[in-house]
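> Questions regarding the structure given below will be posed in turn.
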Amino acid sequence: MTISDAELIERAADAASRAYSPYSRFRVGAAIVTDGGEIVTGANIENAAFGATVCAETNAITTAAASGVRRIATVGVVCLDGDPCTPCGNCRQVMREFGVTRVVMRGRNGDILVMSLDALLPASFGPEALAAEAPES
Ligand code: THU
């Protein structure tokens, strides 16, 4: 089954409604599609020790990875408190690890903005620089 960008954005917005962001009051949700067509979602989860905060995109990606997913095609991102927002640098690198090619964001009027990860993270460093079999293992 093909997941549309609109459906991905809807799932990301739903995830954002469950963000735990008492410090920034900035709610972010992410929804990813695995290469098997499965959707996994995540929200930002903050921490009183700010550095322990987990972003929505990284939450979704690492949740999927922990259940065995190794290739992710597309990531959808919604910020409920300031559309549009693009993923932070750390999340872009996490996306790079699992082969993400497209990032879909919800714009100000509900319009959908699509960017390639290549455009968001040019000349990037990735797993192939270290080990031939990563990230399969
Ligand atoms: N945040 C995300 O969840 N994803 C991003 O790509 C940017 C920032 C979260 C982290 C923190 O909880 C809040 O947004 C403000 O930075």
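> Which residues in the range 76-93 have a backbone N closer than 13 Å to a point placed 7 Å from the Cα of A129 along the Cα-to-Cβ line?
Answer for the range 76-93: 93.
> Which whole-number percent gives the relative contact order of the range 5-122, counting Cα pairs below 8 Å spaced six or more residues apart?
That works out to 24 percent.
> Identify which of A31, A73, A12 has the largest mean-square fluctuation in a Gaussian network model of the chain, with springs joining Cα atoms closer than 10 Å.
Checking each option, the largest mean-square fluctuation is seen for A73.
> Among M105, S21, N47, which residue has its Cα furthest toward the positive end of the charge dipole of the range 5-122, with +1 on Lys/Arg Cβ and -1 on Asp/Glu Cβ?
Checked the options; the winner is N47.
> Would you calculate, for the chain, the mean residue ellipticity at 222 nm contributed by helices, counting each DSSP H stretch of 4 or more residues as -39,500 (n - 2.57) and dividing by all residues, to the nearest 500?
About -7500 deg cm²/dmol.
> Now a separate question. Given +1 on the Cβ of Lys and Arg, -1 on the Cβ of Asp and Glu, and no further charges, what dipole in debye does the chain carry about its Cα centre, rounded to the nearest 20?
300 debye
> What ³J(HN,Hα) values, in whole Hz, does the Karplus curve 6.51 cos²θ - 1.76 cosθ + 1.60 give for the range 19-27 when θ = phi - 60°, with x put for Gly and Pro?
Calculated HN-Hα couplings, in order: 4, 10, 9, x, 8, 8, 6, 10, 9 Hz.
> Output the direction-averaged projected area (hull surface divided by four) of the convex hull of the alpha-carbon atoms of the range 5-122, in nm².
Taking the Cα atoms of the range 5-122, their convex hull projects to 6.6 nm² on average.
> For the chain, which longest stretch is free of loop sites, where a loop site is one of the GluC sites (Glu not before Pro) that DSSP puts outside H, G, I, E and B and that has at most 11 other Cβ atoms within 10 Å?
Value returned for the longest uninterrupted segment is 1-132.
> Need the full-extension length gain, C88 to R70, defined as separation in residues times 0.36 nm minus the C-alpha distance. One decimal, nm.
That works out to 4.4 nm of additional length.
> If I build a Gaussian network model for the chain, linking alpha-carbon pairs within less than 10 angstrom, which residue out of F125, F98, F26 has the largest mean-square fluctuation?
Residue with maximal mean-square fluctuation among F125, F98, F26: F125.
> Give the angle, between 0 and 90 degrees and rounded to the nearest 10, that separates the Cα long axis of helix 5-16 from the longest principal axis of the Cα atoms of the chain.
Value to nearest ten degrees: 60.
Coordinate-derived values only; no laboratory data. Fair warning: this is a prediction, and the values are worked out from it, not measured in the lab. As a convention, Cβ positions derive from the backbone with ideal geometry for all residues, glycine included, and neighbour counts pool all protein chains shown.
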